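So the structure is just underneath, and the comments pick up after that.
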Amino acid sequence: MVSIPKVIGVMSCGFLLCLSLYLNGSHTIKGEVLRVEPSSYFVKQYDGNQVRLHIDATTQMAGRIGQGDPIEAKVNAQRHALAIRQAP
């Protein structure tokens, strides 16, 4: 049986993680990749706006993503891509 302090500890860690993501200003960008450069992805969002996403070694990439691919990117307030994956 799991002790109550362990359950509370795990729940507290999950809450703090969610809170830190919320305060970090992260949000999701969806669109089509227009161009790929060594440290940037240029994306045309479905609303027509174009954005530049900064990528580096900390960006979690799900598969190979190239020009013309539809993507979903989790980004912070500075448009640094935290994670990028192909959109379904």
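The numbers here are math on the coordinates, done by the rules we state, and not lab data. Keep in mind that what you see is a predicted model, and the values were worked out from it rather than measured. A quick note on method: Cβ atoms are made from the backbone with ideal geometry, for glycine too, and the neighbour counts reach across all protein chains shown.
Quick notes on this structure:
- Spatial extent of region 23-72: Rg and Dmax, with the Cα atoms as the point set, Å: 10.8, 32
- Counting only lysines at least 8 places from residue 30 when in the same chain, those with an alpha carbon closer than 28 Å to its own are 44, 74.
- Annotation for residue 57 and residue 40: the two label points, set 7 Å from Cα along the Cα-Cβ direction, are 2.2 nm apart.
- The simple spin-label model puts a point 7 Å past each Cα toward its Cβ; for residue 47 and residue 82 those points are separated by 1.9 nm.
- Residues residue 2 and residue 74, FRET efficiency given R0 of 35 Å [Cβ-Cβ distance, rounded to 0.05]: 0.70
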